[in-house]
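Trainee: Quick one: the structure is below, questions incoming.
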Amino acid sequence: MKRRPENPLLRYQLFGFTLNRWKRQPWLYGAVAIGGGLTYLLVLLLVAFSNASFPVALQLCLFAMCLAAPLMAYHLFSTEYEKQTWEPLALTRLTAWEILWGKWAAALARVALLTLLALPILFINEDLHIDLVSPFRGRFITIFEPTHALYVFVAGVSLLFCWGVLLVSLGMWLSFLLKRTLTTASALYAGQVFALALMPTLYLIFSEGETGSQLIATIRSYREGFAWWGYSLFTAQAILALNPFWAANELNAIYQAWETTSWNRTDPLYPEGLIYLNWGFAQSAIYLALALLFAGLTYRRLKHAWRK
Amino acid sequence: MLDVKGLRKEYGELVAVRDIYFQLHPGDVFGFIGPNGAGKTTTIKMLATLLEPTAGTATLNGIDIVRHPEEVRPLLGYMPDFFGLYEGITVTEYLEFFAAAYRIPRSQRAAIIENVLELTDLTVKKDAYVETLSRGMQQRLCLAKSLVHDPILLLLDEPASGLDPRARIEIKELIRELGAMGKIVLVSSHILPELADFCNKIGIIEKGELLVWGAVDQIIQQLQANRVLAIKPLGAPEPLIQRLEREAHVHGVETRDGTLYVHFAGGLEEQADLLSALIHDGYRIAAFREESLDLEDVFMQITKGEVS
């Protein structure tokens, strides 16, 4: 089997100066790591003892992702321009794809790490009924009890990860396009405020508070669900449906509907409609598709700009 | 061999580089001289495959730089005028990064890096962090990076800019050594004494046009058609000036600090005849010599001080 050529850029982006930082200033970075660890533990305890529901825990993690993911991508290409390291890199034998992958994969790995760190927070919440004491009493942990919690949990984690992937991919593209670190970071944060807060608010104002749940409640098959996603682009309902915070909130409806025999919504068919929409997974797929689009755009520019 | 054939770069109405032709052979150290904004960096970037020419091309060992940039890149080393280095890594790690990016087999890397460090006199700094190096050392590290893949053409854009006198001398020695190693070295500068010491060929560019190029001696010889003779008379110079102005080959006489500078159109025979005639006529001559041109004189004679 032919060996894949090594990618020094990926190695540098992943470990490069991180390891050296530890070596050079172990106390400083040790203190930062301990501080970060303690904060994480604090959040974990807060979620565990505040009876936070799964959507709330998920929204907390999404908020952290919204803050952290741009930091993993805003500088990917812009620092190469700002620090004048781009031309020597472009002249090496690394292909456009290897350069892109070296940077993208490093950012994706960090998003994956952040998602992994979010898992305990998502586990320990009131909805999933995890009894941490049980193992010590010789009982098995029944994590996904009741079983439908698995759908909600996997959809939630997938939402979180894919939103992070979208943010880093968009950040990478903007970083190449704008060539300025500060501008890219500002665009990413301002863009999120616009897309996640201003746009939904405007939508709700113009729709007089109608979220589209009545239409969703009429969906009775996956085929209709698929059609709804296309339709939502024209009715602007996608503004809400693609908002990860809204999506996380509506996952609660699915959970609650399955947990109790009686649907707790005025319209009991609404959660079923959400299932036919592949709620959570459909958004994740759209985020991934958009992420691929931005990565593709970056690749195209990279290839053309540097004749790679 | 580097064969530059009608290289041209236009930015809209502006012609940055105007149909440049020159050829360089292994061992040639070519000084690319011109005022700021003359088109030196644009030409170098086109040769480095970083900028696509509007017209014309160049071949390096027969490979077209426009049609096959990816084949030319491994054959050239490029040091930009403003450059940055990846921070947070050591000198050795930095060179390993580029060795890997140029696909140098792992087994050969250590030896190559050792040689390059020795050549650039950076062995003692091999474990130092890149950002802790002085400007001169960073310059040498950038050059070392450009040498790891053993290029046949080196494009050095203002390599001595911003360096202290010692670092300038060291980098000049290094460039001289690279020429002696059989590499084609193209060095740009607007500081003439910098290039005079180690270039065997020069090209003078102004307003995007290569006004003259060739071996330094040949260019000086061409320009010496109107030579300047320095004559220091004993006693009052006026009678000698009047006598000289009657000579057929004399086009003018200037007096500075008691020395007469005679613009003389004749050859060596006529020059010897003039000296004999002056002595025969009873003029007392303390010194009689031909003023030789240096690179600065050549530059001043050829250029008009315009930028494109």
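The values are calculated or read from the model by the stated rules, or taken from the named source; none is laboratory data. What you see is a predicted model, and the numbers here were worked out from it, not measured in a lab. Please note: Cβ atoms are built from the backbone with ideal geometry, for glycine as well, and neighbour counts cover all protein chains shown.
Trainee: Looking at the stretch A:1-18, can you tell me whether even one residue there is among the basic types (K, R), outside the structural domain of A:V111 (by TED's automatic domain parsing), at pLDDT below 80 and more than 30 Å from B:V91 (Cα to Cα)?
Mentor: yes
Trainee: How many residues does the stretch B:7-50 hold that are in a loop (DSSP other than H, G, I, E, B), buried (at least 23 other Cβ atoms within 10 Å of the Cβ) and not hydrophobic (A, V, I, L, M, F, W, C)?
Mentor: Initial filter on the stretch B:7-50 (in a loop (DSSP other than H, G, I, E, B)): B:12-13, B:25-28, B:34-39, B:48-50.
Next, from what is left, pick out any that are buried (at least 23 other Cβ atoms within 10 Å of the Cβ): B:34, B:38-39, B:48-49.
Retained after the next criterion (residues that are not hydrophobic (A, V, I, L, M, F, W, C)): B:34, B:39, B:49.
Qualifying residue count for the region: 3.
Trainee: Moving to a separate point now. Residues in the stretch B:110-131 that are outside any loop (DSSP other than H, G, I, E, B) and touching a Leu at 6+ places or on another chain (Cβ under 8 Å): how many?
Mentor: Within the stretch B:110-131, residues that are outside any loop (DSSP other than H, G, I, E, B) and touching a Leu at 6+ places or on another chain (Cβ under 8 Å) number 8.
Trainee: Scan (1) farther than 29 Å from B:G267 by Cβ; (2) exposed (fewer than 14 other Cβ atoms within 10 Å of the Cβ); (3) not aromatic (F, W, Y) for the single condition B:Q242 breaks and write down its number.
Mentor: That leaves (1) as the condition not met.
Trainee: Still on this structure, I have one more. Looking at (1) in the same structural domain as B:L14 (by TED's automatic domain parsing); (2) over 30 Å from B:I20 (Cα atoms); (3) not aliphatic (A, V, I, L, M), which is the only condition B:E209 fails?
Mentor: The failed condition is (2).
Trainee: So is A:E98 under 29 Å from B:L50 (Cα atoms), charged (D, E, K, R) and in contact with a helix residue (DSSP H, G or I) (Cβ under 6 Å, 6 or more places away or on another chain) or not?
Mentor: Answer is no for this residue.
Trainee: To continue, here is another question. List every residue pair whose Cβ atoms sit under 7 Å apart, with the two residues 6 or more apart in sequence or on different chains, where the first one lies in the stretch B:1-21 and is aromatic (F, W, Y) and the second, anywhere, is buried (at least 17 other Cβ atoms within 10 Å of the Cβ).
Mentor: Partner pairs satisfying both residue conditions: B:Y21/B:V4.
Trainee: Just checking, does the stretch A:23-34 include any residue being crowded, with 18+ Cβ neighbours inside 10 Å, charged (D, E, K, R) and either out of contact with any Asp or Glu (no Cβ under 9 Å at 6 or more places or on another chain) or within 26 Å of A:W163 (Cα to Cα) (or both)?
Mentor: So far as the stretch A:23-34 goes, no, none of its residues is crowded, with 18+ Cβ neighbours inside 10 Å, charged (D, E, K, R) and either out of contact with any Asp or Glu (no Cβ under 9 Å at 6 or more places or on another chain) or within 26 Å of A:W163 (Cα to Cα) (or both).
Trainee: Let me ask something additional. Please determine whether any residue of the stretch B:169-185 is in a loop (DSSP other than H, G, I, E, B) and modelled with pLDDT under 90.
Mentor: Looking through the stretch B:169-185, none of the residues is in a loop (DSSP other than H, G, I, E, B) and modelled with pLDDT under 90.
Trainee: In addition: Taking the options B:P239, B:P193, name whichever one is touching a residue at least 24 places away in the same chain (Cβ under 8 Å) and farther than 26 Å from B:L147 by Cα.
Mentor: B:P239
Trainee: Within the stretch B:51-64, track down each residue that is in a loop (DSSP other than H, G, I, E, B) and more than 10 Å from chain A (Cβ to nearest Cβ).
Mentor: Within the stretch B:51-64, B:P53, B:T54, B:N61, B:G62 meet the criteria.
Trainee: Report whether or not A:L167 is modelled with pLDDT of 95 or more, crowded, with 23+ Cβ neighbours inside 10 Å and not basic (K, R).
Mentor: Values: modelled with pLDDT of 95 or more: yes; crowded, with 23+ Cβ neighbours inside 10 Å: yes; not basic (K, R): yes.
Yes.
Trainee: Still on this structure, I have one more. Looking at (1) over 17 Å from B:G77 (Cβ atoms); (2) buried (at least 22 other Cβ atoms within 10 Å of the Cβ); (3) not acidic (D, E), can you tell me which one B:R166 breaks?
Mentor: In the conditions (1) over 17 Å from B:G77 (Cβ atoms); (2) buried (at least 22 other Cβ atoms within 10 Å of the Cβ); (3) not acidic (D, E), B:R166 misses (2) alone.
Trainee: Could you tell me which numbered condition A:T18 fails, if it satisfies all but one of (1) in a helix (DSSP H, G or I); (2) more than 10 Å from every other protein chain (Cβ to nearest Cβ)?
Mentor: Here A:T18 clears every test but (2).
Trainee: Now a separate question. Could you please find all residues in the stretch A:37-87 being touching a Lys or Arg at 6+ places or on another chain (Cβ under 6 Å) and surrounded by fewer than 19 Cβ atoms within 10 Å (Cβ to Cβ)?
Mentor: A:Y81
Trainee: Do you know which of the residues in the stretch A:78-118 that are without any contact (Cβ under 8 Å) to a residue 60 or more places away in the chain and more than 9 Å from chain B (Cβ to nearest Cβ) is farthest from A:G296 (Cα to Cα)?
Mentor: Looking at residues that are without any contact (Cβ under 8 Å) to a residue 60 or more places away in the chain and more than 9 Å from chain B (Cβ to nearest Cβ), I get A:A118.
Trainee: Next question, about the same structure. Please tell me if A:A90 is within 12 Å of the chain's Cα centre (by Cα) and modelled with pLDDT under 95.
Mentor: Here the answer is no, as A:A90 does not meet what is asked.
Trainee: Just give me the residues in the stretch A:181-235 being of a type in the set (D, E, K, R), surrounded by fewer than 12 Cβ atoms within 10 Å (Cβ to Cβ) and not in a helix (DSSP H, G or I), in sequence order.
Mentor: A:E208
Trainee: In the stretch B:71-109, which residues are facing another protein chain (nearest Cβ under 7 Å) and within 18 Å of B:L47 (Cβ to Cβ)?
Mentor: B:R73, B:P74, B:Y78, B:P80, B:F82, B:F83
Trainee: Looking at B:Y94 and the list (1) within 25 Å of the chain's Cα centre (by Cα); (2) aromatic (F, W, Y); (3) assigned to a helix (DSSP H, G or I), which single condition is not satisfied?
Mentor: Among (1) within 25 Å of the chain's Cα centre (by Cα); (2) aromatic (F, W, Y); (3) assigned to a helix (DSSP H, G or I), the lone unmet condition for B:Y94 is (1).
Trainee: Being more than 14 Å from chain A (Cβ to nearest Cβ), touching a Ser or Thr at 6+ places or on another chain (Cβ under 9 Å), touching a residue at least 12 places away in the same chain (Cβ under 8 Å) and not hydrophobic (A, V, I, L, M, F, W, C) is the filter here; which residues of the stretch B:113-158 pass it?
Mentor: B:K125, B:K126, B:R140
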